[in-house]
Amino acid sequence: MAKVYDTATDIITFARLQSQNTTSGSSYLGSDGLLKFAAEDEPRIEYGSDGSLKGLLIEEQRANLITESNALSQQSGIRATLAENAATSPDGSTDAGSIIETAVGGDHRVDFASISVTSGTTYTASFFIKANGRDFVRVQMGTGGFGTSYANFDLSNSSEGTTTGISDKSIVDAGNGWYRCSVSATATATASTVVSI
């Protein structure tokens, strides 16, 4: 489960999970420090959050399994209230959502739409997140297909925390307090499962 924050007065904001479907374009960090979206077959020249040139961004083909990840109305808030279009996202538009914890005890999280996973296949969850009152976030790969697999991130010092069952993880500064976090895990069962933040 994703332990994100503890009291009803604090908020953590996040932007859409990263779409990697090459038939609809992909994202990269532009020279102005904002998230940009490239069309299909358009080269992506990436820059660091400080504006420094990093070079041509090359990634393998991927498919986005959670196609409505930025539509919080399509997701489930567990002991949390979800608000759409509550903050400015990394691309400069006002479409980032926020997670507002309730006063009820327990973990506070967002469960994203269920996906089907195949045993032995590695899956990656990638998302943009910005602290707002809380500095820690946990990404839980669904227990149905991944057993107990999670990764923690500390947004106050841009660091990776403890993990269980995760094969790869990263946190990258995307500018203006935003970070792109990514976790990978190999499914241990063929099942329908839910990714939680």
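What follows is calculated from the coordinates using simple rules that are stated; it is not laboratory data. Every value quoted in this text rests on a predicted model; they were computed, and no experiment measured them. As a convention, Cβ positions derive from the backbone with ideal geometry for all residues, glycine included, and neighbour counts pool all protein chains shown.
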Checklist entry - Based on the mean of other beta carbon atoms within 10 Å per residue, what is the order of 123-130, 187-194, 96-103, most packed first? => result 123-130, 96-103, 187-194
Next on the checklist: Given 20 °C and 1.002 mPa s, compute D for region 107-160 with the Stokes-Einstein relation, Rh being the Kirkwood radius over Cα pairs; round to the nearest whole µm²/s.
Outcome noted: 167 µm²/s
Item to check | Table column - 3J(HN,Hα) (Hz), region 121-128, Karplus curve with 6.51, -1.76, 1.60, x for Gly and Pro | outcome: 9, 8, 10, 10, 9, 10, 7, 9
Item to check | Charge dipole (region 121-197, unit charges on Cβ, about Cα centre) - positive-most of GLY145, THR163, THR121 | outcome: GLY145
Next on the checklist: Cα atoms only: what Rg and Dmax, in Å, come out for region 70-140?
Outcome noted: 13.7, 39
Next on the checklist: Rounded to two decimals, what is the ratio between the C-alpha radius of gyration of region 95-197 and 2.2 N^0.38 Å?
Outcome noted: 1.08
Checklist outcome for this item: Other residues with Cβ under 9 Å from the Cβ of LEU35 give, with Lys and Arg +1 and Asp and Glu -1, a net charge of +1
